[in-house]
Amino acid sequence: MELTGAEITVRCLADEGVEYLFGYPGGAVLHIYDELFKQDRVKHILVRHEQAAVHAADGYARACQKPGVVLVTSGPGATNAVTGIATAYMDSIPMVILTGQVPTHAIGQDAFQEVDSIGITRPCVKHNFLVKDVHDLAATIKKAFYIATTGRPGPVVVDIPKDITMARCEYVYPTSVSLRSYNPVVKGHSGQIRKALNLLLEAKRPMIYAGGGVVLGEAAAELTQLVRSLGFPCTNTLMGLGGFPASDPQYMGMLGMHGTYEANMAMQHCDVLLAVGARFDDRVIGNPKHFFQEDRRIIHIDVDPSSISKRVKVDVPIVGDVKDVLAEMSRQIAAGTQKPDAPALKSWWTQIELWRARDCLKYDRTSEIIKPQMVIEKLWEVTGGDAIVTSDVGQHQMWAAQFYRFDKPRRWLNSGGLGTMGVGLPYAMGALLAHPDTPVACVTGEASIQMCIQELSTCKQYRMPVKILNLNNRYMGMVRQWQEFFHGNRYAESYMDALPDFVKLAESYGHVGIRIEKPADIEPAIREAFARKNELVFMDFITDQTENVFPMVPGGKGLSEMILV
Amino acid sequence: MRHIISLLLENESGALSRVAGLFSARGYNIESLTVAPTEDETLSRMTIVTSGSDDVIEQITKQLNKLVDVVKVVDLSEGEHIERELMLVKVRASGKDREEMKRMADIFRGRIIDVTDKSYTIELTGTGQKLDAFLDALEEGAVLEAVRTGASGIGRGDRILRV
Ligand SMILES: Cc1cc2nc3c(=O)[nH]c(=O)nc-3n(C[C@H](O)[C@H](O)[C@H](O)COP(=O)(O)OP(=O)(O)OC[C@H]3O[C@@H](n4cnc5c(N)ncnc54)[C@H](O)[C@@H]3O)c2cc1C
Ligand SMILES: Cc1ncc(C[n+]2csc(CCOP(=O)(O)OP(=O)(O)O)c2C)c(N)n1
Ligand SMILES: [Mg+2]
């Protein structure tokens, strides 16, 4: 039987096993919405802004590994989605975004709500497709899912002109895809793995640096096993938090611009570095020139060859899937007779303990004003370290990363690569849909939360009991911090004036709001919020306006040139 | 250093802009870029002349390989190869210059493919250097118009790029 393009689109999603479709309707996609209306296999989540549709789908993908799926209309629907797409792209999140397009015969005519969605999204997608014939539709959607979820994951846009949604053809959803031009490598080269192990087992001052690839590649168990069997120190990037358990004694904390003293010192002074699914970001190694002052051998495992030797020269590249490569490393270590150099390791750990004793994350626990760090510590205590925590971008993001100790992957959802303010609340929505029984906390700031505040309405409609912790410092704190350190205390436009009453704002959307002003009230408020299982609770913490994030590696400085408290 | 990179890509609308966009987005140089369908009409063959340090060239080939529409990439400069470029040049050819111009075309093995009483249009193929040499050899002001295709390249001997 012949189906319309709109029916085919919806059938493809259902046959692909898509649970939730995040979207917002409009002229170019009305036929698709009509078909969504007639079925109940794919549930549609109606957001209040297309940017949030993409963020929510992205959050869903980060929380459960399945691709996030979005439907928006042409023109403004597509352009509103772009920030979300770029955010997912920078952090390698698997997503399929369906954009409506004007009818094929109208393309190029400056038609109503026409934009070149393929052109606009090209630099921030893994791939994109314009469907020009209904006969290609099902196969294109299948390819989109395949490309988005394999190799280094990423967002894929499928642009569907309106006439294609009305045209008819037989529906067959392909069971497999093969593309001659796209064949990601999975298995690591065994010779390279052996070389890497030789280096590691001979190391005097080894260090393991694990990133988002461990989370994306579902390799936390393999990493943990390898790190423990070697007895080496391990650090995670902002994107890798939870990839190695924070409560493990071998864990060094996060590294980088706001990383711990011990992680950054060990990174700078190690003689053999194993980088696992991490991309030597400029917020991680600081000034590369300074990084190269020390002599060290680098082993790098990554599924994307272009991540290797991009910013630092690597001695032993291993292209492959982290899970596969790490498992193979553990197998070879178990099968071999050589063990790590125990005496060298012992003195290395002695050095590390000295760095640790610097207690770089200390802050004033006796303060009368709420210290933001304490809010995160209490959140960790109350939730037993087992909540999904999303965040926005700024100081609060860094404190959440430093003070909530993640023991499992996919519990920490934030925008690392693009640093997009506004993701926190939509990420929490996606996470709740992925894990309805897990407590979800959104740590945010009074500036960031206002970038997608309209989603409080979506949360009401779908009864999403997000617990929002607003670290309200009345400043774009991260901007203020840079202005304090590097711009002579000139706080240009970083003060948040005319703030709404967040309690009333939450209430007006039908939620619960609490304002917390004293340190002693932090814990009771968080307990109350989580006790209200089915309600969204907005906790507005009035925090110390002058608090800064430490340690800090200033831009252009080297990793060991940290500003400390 | 100058590199000449050859690629096979899916003959699809948009594939060219993905390659061009990659070069501009990442700030890589493009000296020239030529592209046309191959004998297999599902594929296009592209030749890009670029320059950069070894690290940059390594990134360029990796980034090109990463594009989903790109089927194969080779850096022809890594081995023996041949490159040719076509130039059509319209030159002033009147009075005593007319003979001289014809002689120059002959010396460079060019062909005169269009004639008016004041001008010749000359077709010339060769390496970029040869075309440069021809232009340099002409008198100031002799060139009315010149159009060059950019280099196309192919491996020597048994080096073959195909799927
Ligand atoms: C305000 C702010 C401050 C920041 N400060 C810091 C900081 O102090 N420290 C810090 O670390 N970051 C910080 N960041 C984040 C930083 O910008 C980068 O986003 C982050 O460091 C990148 O993490 P990553 O290297 O783990 O790479 P990701 O972006 O997570 O990339 C993952 C890598 O793994 C590879 N990969 C994916 N899947 C697989 C697989 N299956 N197998 C093998 N490889 C795979 C990918 O190809 C890629 O190379 C900050 C961001 C903001 C907004
Ligand atoms: C969309 C967007 N615009 C601007 C920025 C730059 N920026 C980074 S942090 C920040 C301030 C965030 O303020 P707030 O949400 O209150 O968090 P705080 O730093 O105070 O904890 C800004 C403006 C950004 N990351 N994203
Ligand atoms: Mg703030």
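The values are calculated or read from the model by the stated rules, or taken from the named source; none is laboratory data. The model shown is predicted, which means the values in this text are computed figures rather than measured ones. For neighbour counting, all protein chains shown are included, and Cβ atoms are generated from backbone atoms with ideal geometry for every residue, glycine included. Protein only, heavy atoms only, side chains kept; ligands, DNA and RNA dropped before computing areas. Shrake-Rupley method; radii C 1.70, N 1.55, O 1.52, S 1.80 Å.
So the values come out like this:
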| quantity | calculated |
| --- | --- |
| Set A:488, A:556, A:513: member being at pLDDT 95 or above, part of a loop (DSSP other than H, G, I, E, B), of a type outside the set (Asp, Glu) and more than 16 Å from ligand 3 (Cβ to nearest atom) | A:488 |
| Some residue of region A:460-469 being within 16 Å of ligand 3 (Cβ to nearest atom) and at pLDDT 95 or above | yes |
| Cβ-Cβ under 9 Å pairs, at least 6 apart or on other chains, region A:488-509 side of a type in the set (Phe, Trp, Tyr), far side modelled with pLDDT of 95 or more and open to solvent by 50 Å² or more (accessible area, probe 1.4 Å) | A:491/A:479; A:491/A:484; A:495/A:474; A:495/A:476; A:502/A:515; A:509/A:460 |
| 2 or more residues surrounded by 23 or more Cβ atoms within 10 Å (Cβ to Cβ) and within 14 Å of ligand 1 (Cβ to nearest atom): qualifying helices (runs of 4 or more DSSP H) within region A:237-293 | A:261-269, A:282-285 |
| Count of residues meeting criterion [in a loop (DSSP other than H, G, I, E, B) and either modelled with pLDDT under 95 or within 23 Å of the chain's Cα centre (by Cα) (or both)] in region A:362-386 | 4 |
| Flag if residue A:345 is touching a residue at least 40 places away in the same chain (Cβ under 8 Å), within 23 Å of the chain's Cα centre (by Cα) and more than 16 Å from ligand 3 (Cβ to nearest atom) | no |
| Matching option when the condition is of a type in the set (Val, Ile, Thr), under 19 Å from residue B:46 (Cβ atoms) and within 18 Å of the chain's Cα centre (by Cα), among B:89, B:163, B:74 | B:74 |
| Region B:58-98, subset surrounded by fewer than 19 Cβ atoms within 10 Å (Cβ to Cβ), closer than 20 Å to residue B:148 by Cβ and touching an Asp or Glu at 6+ places or on another chain (Cβ under 9 Å), residue farthest from the other protein chains (Cβ to nearest Cβ) | B:92 |
| Subset of region A:306-332 [within 14 Å of chain B (Cβ to nearest Cβ), more than 9 Å from ligand 1 (Cβ to nearest atom) and open to solvent by 10 Å² or more (accessible area, probe 1.4 Å)] | A:309, A:311, A:313, A:314, A:317 |
| Residues of region A:102-123 that turn out to be away from chain B (no Cβ under 14 Å) and of a type outside the set (Val, Ile, Thr), as a count | 9 |
| Number of positions in region A:381-408 that are more than 10 Å from ligand 2 (Cβ to nearest atom) and either in contact with a Leu (Cβ under 6 Å, 6 or more places away or on another chain) or of a type outside the set (Lys, Arg) (or both) | 16 |
| Residue within region A:130-153 that is in contact with a His (Cβ under 6 Å, 6 or more places away or on another chain), at the interface with chain B (Cβ under 10 Å from one of its Cβ atoms) and open to solvent by less than 40 Å² (accessible area, probe 1.4 Å) present | yes |
| Pairs where the first residue, in region A:392-403, is on the phi > 0 side of the Ramachandran plot and the second is within 8 Å of ligand 2 (Cβ to nearest atom) and hydrophobic (A, V, I, L, M, F, W, C), C-beta under 6 Å, 6+ apart | A:394/A:478 |
| Set A:126, A:162: member being within 13 Å of chain B (Cβ to nearest Cβ), of a type in the set (Lys, Arg), touching a residue at least 12 places away in the same chain (Cβ under 8 Å) and open to solvent by 10 Å² or more (accessible area, probe 1.4 Å) | A:126 |
| Residues satisfying the stated conditions in region A:306-326, i.e. touching a residue at least 24 places away in the same chain (Cβ under 8 Å) and in a helix (DSSP H, G or I) | A:307, A:322, A:323, A:324, A:325, A:326 |
| Filter result for the condition that a residue is in a helix (DSSP H, G or I) and open to solvent by less than 30 Å² (accessible area, probe 1.4 Å), over A:8, A:97 | A:8 |
| Unique match (being free of Cβ contacts under 8 Å to residues at least 60 places away in the same chain and open to solvent by 10 Å² or more (accessible area, probe 1.4 Å)) among A:46, A:36, A:21 | A:36 |
| Selected residue (criterion: most open to solvent (accessible area, probe 1.4 Å)) from residues of region A:426-453 that are away from ligand 2 (no atom under 15 Å from the Cβ) and in a loop (DSSP other than H, G, I, E, B) | A:437 |
| Hits in region B:8-57 - residues which are of a type in the set (A, V, I, L, M, F, W, C), out of contact with any helix residue (DSSP H, G or I) (no Cβ under 9 Å at 6 or more places or on another chain) and within 14 Å of chain A (Cβ to nearest Cβ) | B:8, B:15, B:16, B:20, B:43, B:56 |
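Residue by residue, here is whether (1) more than 16 Å from ligand 1 (Cβ to nearest atom); (2) under 25 Å from the mean Cα position of the chain (by Cα); (3) surrounded by fewer than 23 Cβ atoms within 10 Å (Cβ to Cβ) holds:
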| position | (1), (2), (3) |
| --- | --- |
| A:174 | yes, no, yes |
| A:178 | yes, no, yes |
| A:186 | no, yes, yes |
| A:192 | no, no, yes |
| A:213 | no, yes, no |
| A:218 | no, yes, yes |
| A:221 | no, yes, yes |
